[in-house]
1. Would you be able to tell me the number of residues in the stretch 274-286 that are over 25 Å from Gly365 (Cβ atoms) and either within 16 Å of the ligand (Cβ to nearest atom) or crowded, with 24+ Cβ neighbours inside 10 Å (or both)?
2. Which is of a type in the set (S, T, N, Q) and within 14 Å of Gly270 (Cα to Cα), of Thr60, Thr24?
3. If you go through the stretch 66-82 one residue at a time, how many are within 14 Å of the ligand (Cβ to nearest atom) and either free of Cβ contacts under 8 Å to residues at least 40 places away in the same chain or under 12 Å from the mean Cα position of the chain (by Cα) (or both)?
4. For the stretch 302-312, give me each residue that is assigned to a loop (DSSP other than H, G, I, E, B) and surrounded by fewer than 19 Cβ atoms within 10 Å (Cβ to Cβ).
5. Taking the stretch 256-275 as the region of interest, how many residues are touching a strand residue (DSSP E or B) at 6+ places or on another chain (Cβ under 9 Å) and not hydrophobic (A, V, I, L, M, F, W, C)?
6. Show me the helices (runs of 4 or more DSSP H) entirely contained within the stretch 55-139 in which 2 or more residues are under 25 Å from Phe225 (Cβ atoms) and at pLDDT 95 or above.
7. Go through the residues of the stretch 21-34 one by one and say whether even a single one is under 25 Å from Pro382 (Cβ atoms), open to solvent by less than 10 Å² (accessible area, probe 1.4 Å), without any contact (Cβ under 8 Å) to a residue 60 or more places away in the chain and not in a loop (DSSP other than H, G, I, E, B).
8. May I ask you to list the residues in the stretch 287-312 that are in contact (Cβ under 8 Å) with a residue 12 or more places away in the chain, away from the ligand (no atom under 16 Å from the Cβ) and over 25 Å from Phe9 (Cα atoms)?
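The values are calculated or read from the model by the stated rules, or taken from the named source; none is laboratory data. Since this is a predicted model, take the numbers as computed values, not measurements. As a convention, Cβ positions derive from the backbone with ideal geometry for all residues, glycine included, and neighbour counts pool all protein chains shown. Just the protein is used for accessible areas: all its heavy atoms, side chains included, with ligands, DNA and RNA removed. Shrake-Rupley method; radii C 1.70, N 1.55, O 1.52, S 1.80 Å.
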Amino acid sequence: MRYINNNYFIENVSLQRLAKKFSTPFYCYSYEKIKKNIQNFNSKFGKFSPLVCFAIKSNTNLNLIREIKNLGLGADVVSKGELMLAIKAGISPKKIVFSGVGKTESELLYAINKKILLINSESESEINIIEKIAKKKNSTVDIGIRLNPNTDAKTLKQISTGKKDNKFGVDEKTFIKLVSRLKKSKFLKVKCLSVHIGSQITNHKPYEKMLAAVDKIIDKLKFKFEYVDLGGGMGISYGKKQNKLNYNKYSNAIEKFKKKHASKIIFEPGRSIIGDTALLVSKIIYLKDNNSKVFVILDAAMNDMMRPALYGAEHQILPVKKNKLKSKKNYEFVGPICESTDKFLSSKNFQKLKEGDLVFLCDVGAYGSSLSSNYNLRPKSPEILINKSKIKVLKKRQRLENII
Ligand code: LLP
């Protein structure tokens with residue numbers, strides 16, 4: 001993804017051409033970038049021969065998941081819908097893990113019938129329901145138990161999941177009690193210890209602490225877990241200012257852990273695989289000058305891309321066509337939705353813009369389209385995949401007739 005003669009290209013296709021073909025707003029992914037991210041992930045962690053389960057919640061586009069499956073990944077799902085999607089995309093149930101604090105009995109039954117690799121359970125009550133289903137079927141179900149390691153992931157508080165006041169997993173004492181009890185169960189087999197301390201983690205130290213907590217509890221239990229599921233959370237850099245996770249340091253910490261414990265490692269990455277592979281292309285509907293700043297009113301809105309409104313997340317905005325004119329005014333990029341939080345970014349040094357110009361938001365591949373909604377009864381935007389010169393429609397724009 002780069003400018004060629006001041007025009008932005010994804011692989012061999014210009015965004016301008018795509019905008020003419022599909023109209024705006026639309027999501028556009030680079031196949032090459034997805035492939036590279038997976039290769040990069042494998043080059044850092046491949047030595048552990050892990051099972052890499054893509055976190056479907058980060059991107060629920062069926063056609064995209066098919067590509068990700070073809071590149072060798074399994075799936076981490078958190079609902080029956082995501083599980084059905086993963087199976088429909090052709091992912092083998094033996095490469096699927098199911099997390100989440102509130103799986104219903106019918107969701108659990110569905111997962112058990114599909115014989116997925118692991119249900120990572122997050123409470124004693126959930127375990128009791130799984131045991132009841134297994135008993136009724138007179139079969140054995142493989143489960144993981146999610147530990148809440150009380151580790152601060154040092155990320156945004158809204159996406160932090162590993163502290164004791166977060167709803168996720170069970171504390172050390174409960175974990176030990178559950179494993180000890182289930183050793184005698186005829187219907188449940190505890191195969192996995194799972195953890196996931198948060199998302200957009202850019203410092204390796206919380207991961208080191210997490211591994212130390214896991215190591216300590218396994219030592220206490222003297223129990224052999226076939227799998228240790230380390231979750232996802234690897235952060236990416238949104239814009240130039242942000243730190244990057246040191247993969248080598250995280251990998252070294254896992255190596256140290258692996259020397260003591262022979263369990264197979266599972267990862268559940270979402271953002272690190274798909275985050276920086278996509279752009280959201282949008283057209284400027286109006287410019288509105290309120291004297292102190294100019295509102296750049298885009299045709300993309302918080303219903304397309306929720307992260308800025310929900311977490312105050314910043315996504316870089318760039319022009320599709322570069323010019324050399326600097327604007328003297330502050331630009332505030334906003335959407336048309338009737339909420340003051342429908343705002344993407346403020347920028348002081350943007351090039352001069354005019355109504356009808358095209359711009360794009362960067363790094364929207366993860367938690368972009370999957371968090372999109374029909375708020376203000378706006379149809380969801382199409383998703384396009386570029387592979388060299390090939391243009392593939394992953395999802396069409398929703399039709400108003402179908403959502404009214
Ligand atoms: N595994 C579990 C159990 C999770 O809860 C999550 C994310 C992942 C894996 C994948 O994490 P990742 O590698 O993508 O960081 N909507 C927020 C992020 C929420 C993450 C929820 N759980 C955002 O837009 O930043």
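1. The number of residues fulfilling the criteria is 0.
2. Every option except Thr60 fails the conditions.
3. The qualifying residues number 6.
4. Gly312
5. 9
6. Those helices (runs of 4 or more DSSP H) span 80-88, 105-113, 124-137.
7. No, the stretch 21-34 contains no residue that is under 25 Å from Pro382 (Cβ atoms), open to solvent by less than 10 Å² (accessible area, probe 1.4 Å), without any contact (Cβ under 8 Å) to a residue 60 or more places away in the chain and not in a loop (DSSP other than H, G, I, E, B).
8. Leu287, Asp289, Ser292, Lys293, Val294, Phe295
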